[in-house]
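Asker: After the structure tokens below, expect a handful of questions from me.
The values are calculated or read from the model by the stated rules, or taken from the named source; none is laboratory data. Nothing here was measured: the structure is a model prediction, and the numbers come from that model. Because the Cβ atoms are built from the backbone with ideal geometry, glycine has one as well, and the counts that use them run over all protein chains shown. Note: areas computed on protein heavy atoms with side chains; ligands, DNA, RNA excluded. Shrake-Rupley method; radii C 1.70, N 1.55, O 1.52, S 1.80 Å.
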Amino acid sequence: MLKVKNIETSYGFVNAIRGVSLDLEEGDIKTVLGANGAGKTTILKTIMGLLEDQPEKGTIEFMGKRIDRMDTEDIVRLGISYVPEGREIFPELTVFENLKMGSYTRRDKDGIRKDYKRVSEYFPVLEERKNQQAGTLSGGEQQMLAIGRALMARPKLLLLDEPSLGLSPALVKDIFEIIKAINREGITILLVEQNARMALNIGNYGYVLENGRIVLSDETRVLLENDDVKEFYLGIKLEESVKGYQRYKRKKRWR
Amino acid sequence: MLTQLSQIIVSGLAIGSCYALIALAMVIIYKTSEVLNFAQGEMAMVSTFFAYSLLSTYNIPFIIAFPLALVFSLLLGMLVEFAFLRPAKNPTVLGLIVITLGAEMVLYGFAGWKWGAETKSFPSPILDTRVYNLKGIVISQLNLWIFAVCISLMLILFLFFRYSKLGVAMKATAQNQMAARLMGIRSKRILSLTWGLSSLIGAVAGVLIAPITLLDPNMMIDPLLKAFASAVLGGMTSLPGAALGGGILGVVENLFGWYVSTEFKSVVAFAIIVIVLCIRPSGLLARHYVKKV
Ligand SMILES: Nc1ncnc2c1ncn2[C@@H]1O[C@H](COP(=O)(O)OP(=O)(O)O)[C@@H](O)[C@H]1O
Ligand SMILES: [Mg+2]
């Protein structure tokens, strides 16, 4: 469904992404793990066409169609929705108006009404606060709004950029449950996260990103057993005695 | 005495309504493009001249000439955005101001070249000299029309931004352009339409004010400054604020001009603004949402 092949993206002279490939089939939840600054957001922005004249190299294909260097507005119309890092809601529009903007490209009134109902079921608080200015919502509510707004476009593919950022553990759990439910409805998901534990638990496949390169990729159940992932992303301590040497070796191998 | 006072207030409100319209036009652009559009007055002036040409050179009746002038102003606004603002990539605030000043000078020069610098009277069928007597208050036909048009236009704008998909999309683009694009909103087109709409509102004000100010390339300089002041008074980002600011400014200015001094009429308006802004730095109706994390 989505085929990212060897893309390279740079900001001026800084190469942020250096040859990344991703491959998503319909129904997947794949996840990209990486520390702060690894380039996760840059990958998603490149896919969405938000970075002008990027990717510098490589191709992006969605449902058999080249989308690299297409306008964001047209990419959205093909059925990709992006929930950006930091939510990026419209602060002075009401919750309802925010959701309405989510369905901006659609003409099917009945379908929109149905999706609005569905979003209200996922996030009842949005329905309760539909006339409130979105900027006055709490962080968690804003995240729900951002996801709900993306769903209002009825996307085929949903890109999620660190939905857990700044939320309480309980809330993170709820949001991840909902992401799973969204996927069960047939929406393919690419989830970018620093919260490796949550991401590996809901994804079926994971990529580990370091300094703009994918250093490891496998089924999530394999990654969960991987010593490097355990130590560096899940914070599980390995045997004390060999640790120092092992870390040195691993770090080196990953570069 | 009381009738005289109401009289002054009424005519103050009339001119204030015109300030309010231009202020609205500026606020709409400020919100979407984050630029103070100093070409706003000249855009309105050129559109008014266009109406003048239709009326006096081609003898087209007002009822047809006016809508044509509105269409012209819409296209003019879109053209200014396309020709002056779009080419600038990531300009600074100062850069944007210089760009709109450039547009202003081009339009000013164009008007002088096309229509000449001498003052003309605007052949409007609505007269400032035809007056009605409403319970002792004399109100001119022109002022009545100004009220009617301004109130309807503000109402239409309110409904447009509140309920229409396009209006909400304009607000969305103003608040977060990247997010708007992610909704599939073609932000460039929206920006262009915003400039068109703003220019159209200014043109309405221009045609309404022309019988009073008469027609020459300088006709909008004073109204533009007053409109800018009204917009600042109202908080620069609030449409009702701009309308309120215009009304207050028109009335105060007229009262002062009548009872104290005509020469300092304009100055007092600005004094008021300074005072208001000292007390409420963000303007009368600037809305601020509290951002929670
Ligand atoms: N607008 C920008 N200009 C220059 N460098 C940037 C910009 N945005 C991100 N970067 C750099 O690109 C790299 C990847 O950033 P990002 O994709 O935001 O990482 P992540 O989302 O994984 O935290 C970082 O080194 C960051 O400093
Ligand atoms: Mg990021």
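Asker: In whole Å, what is the distance between the alpha-carbon centres of the stretch B:7-48 and the stretch B:235-274?
Answerer: Here the answer is 13 Å between Cα centres.
Asker: Follow-up question, since we're still on this one. Can you tell me the accessible area per residue over the stretch B:2-279, all protein chains present, probe 1.4 angstrom, in square angstrom?
Answerer: 44 Å²
Asker: For A:L216, enumerate residues with amide H under 5 Å from its amide H, sequence gap 5+ or separate chain, H modeled in the peptide plane.
Answerer: Those lying under 5 Å, H to H, from A:L216 are A:V208.
Asker: Of all accessible surface on chain A at a 1.4 Å probe, what whole percent is carbon and sulfur?
Answerer: Here carbon and sulfur together make up 47 percent of the probe-accessible area.
Asker: Provide, as a two-decimal number, the C-alpha radius of gyration of the protein assembly as shown over 2.2 N^0.38 Å, N being how many residues it has.
Answerer: 1.20
Asker: When the solvent-accessible surface of protein heavy atoms is calculated with a 1.4 angstrom probe, in what order do B:Y19, B:Y30, A:Y11, A:Y104 fall, highest first?
Answerer: A:Y11, B:Y30, A:Y104, B:Y19
Asker: Would you kindly derive the ³J(HN,Hα) couplings of the stretch B:148-164 from the backbone phi angles with the Karplus curve 6.51 cos²θ - 1.76 cosθ + 1.60 (θ = phi - 60°), listing them in order in whole Hz, with x for Gly and Pro?
Answerer: 4, 5, 5, 5, 5, 5, 5, 5, 4, 4, 4, 5, 4, 6, 8, 10, 7
Asker: How big is the gap, in Å, between the Cα center of the stretch A:1-62 and the Cα center of the stretch B:179-221?
Answerer: 40 Å
Asker: Top mean-square fluctuation among A:A134, A:A199, A:A170, Gaussian network model of chain A, C-alpha springs under 10 Å?
Answerer: A:A170
Asker: Obtain the nm distance between the two label points defined at B:T262 and A:R184 by a simple spin-label model: each point lies 7 Å from its Cα along the Cα-to-C-beta direction.
Answerer: Placing both labels 7 Å beyond Cα along the Cβ direction yields 8.0 nm.
Asker: If you take the accessible area of B alone, add that of A alone, and subtract the area of the pair, what total do you get in Å², probe 1.4 Å, to the nearest 100?
Answerer: Roughly 2800 Å².
Asker: Could you tell me how many degrees, from 0 to 90 and to the nearest 10, lie between the Cα long axis of helix A:240-254 and the main elongation axis, the longest principal axis, of the Cα atoms of chain A?
Answerer: 70 degrees
Asker: Out of every Cα-Cα pair in the stretch B:2-279, what percent are more than 27 Å apart? Let's see the in-between values first.
Answerer: Numbers: 14744 of 38503 pairs.
For the stretch B:2-279, the fraction of Cα-Cα distances above 27 Å is 38 percent.
Asker: Please label the shape of the stretch B:175-293 as rounded, prolate or oblate, based on the square roots a ≥ b ≥ c of the eigenvalues of the alpha-carbon gyration tensor (a/c under 1.5 means rounded; beyond that, a/b larger than b/c means prolate, else oblate).
Answerer: Since a/c reaches 1.5 but b/c is at least a/b, the shape of the stretch B:175-293 is classed as oblate.
Asker: Which of A:K173/B:K188; A:K180/B:K188; B:K31/B:K135; A:K45/B:K171; A:K40/A:K230 have a Cα-Cα distance over 30 Å?
Answerer: Details: A:K173/B:K188 39 Å; A:K180/B:K188 36 Å; B:K31/B:K135 42 Å; A:K45/B:K171 23 Å; A:K40/A:K230 20 Å.
Correct reply: A:K173/B:K188; A:K180/B:K188; B:K31/B:K135.
Asker: Roughly how many debye, to the nearest 20, is the charge dipole of the stretch B:181-272 about its Cα centre, given +1 on each Lys and Arg Cβ, -1 on each Asp and Glu Cβ, and no other charges?
Answerer: Computed about the Cα centre, the dipole is about 660 debye.
Asker: Right, something else. With a sphere of radius 12 Å drawn around the Cβ of B:G112, what net charge do the other residues whose Cβ falls strictly inside it have (Lys, Arg +1; Asp, Glu -1)? Present the calculation step by step, with values, prior to reporting the outcome.
Answerer: On the way: positive: B:K114; negative: B:E42, B:E118, B:D216.
After counting each charged neighbour, the total is -2.
Asker: Below 13 angstrom from the Cβ of B:L214, what's the summed charge of the other residues (Lys, Arg +1; Asp, Glu -1)?
Answerer: Local net charge: -3.
Asker: Just the number, please: carbon plus sulfur as a percent of the accessible area of chain B, 1.4 Å probe, no ligands or DNA/RNA counted.
Answerer: 71 percent
Asker: Among B:V131, B:V260, B:V276, determine the one that fluctuates most according to a GNM of chain B built with springs between C-alpha atoms less than 10 Å apart.
Answerer: Its mean-square fluctuation being the largest, the pick is B:V260.
Asker: Follow-up. Along the Cα→Cβ direction, 7 angstrom out, place labels at B:S6 and A:E128. What is the inter-label distance in nm?
Answerer: Simple spin-label model gives 5.2 nm for this pair.
Asker: Calculate, for B:F160 and B:M105, the FRET efficiency according to 1/(1 + (r/R0)^6) with r their C-beta to C-beta distance and R0 30 Å; round to the nearest 0.05. Each step should come with its number before you reach the end.
Answerer: Working: r = 32 Å, r/R0 = 1.05.
After rounding, the FRET efficiency stands at 0.40.
Asker: Excluding ligands, DNA and RNA, what is the solvent-accessible area per residue of the stretch A:62-202 at a probe of 1.4 Å, expressed in Å²? Don't jump to the answer; show the numbers that get you there.
Answerer: Working: 5670 Å² over 141 residues.
Per-residue value: 40 Å².
Asker: Moving to a separate point now. List, by residue number, every residue in the stretch B:148-171 with a reduction of 30 Å² or greater in accessible area between the chain on its own and the complete protein assembly, 1.4 Å probe.
Answerer: At a threshold of 30 Å² (probe 1.4 Å), the residues of the stretch B:148-171 that become less exposed are B:K165, B:V168.
Asker: Let me ask something else about it. Once every Cα of chain A carries one equal point scatterer and solvent is ignored, give the base-10 log of I(q)/I(0) from the Debye formula at q = 0.07, 0.11, 0.12, 0.15 Å⁻¹, two decimals.
Answerer: -0.25, -0.60, -0.72, -1.08
Asker: By how many degrees, 0 to 90 and rounded to 10, does the Cα axis of helix A:139-151 deviate from the longest principal axis of chain A?
Answerer: 70 degrees
Asker: Right, here's the next one. Helix A:169-184 versus the longest principal axis of chain A: what angle, 0 to 90°, nearest 10, using Cα atoms?
Answerer: For A:169-184 against chain A, the angle is about 70 degrees.
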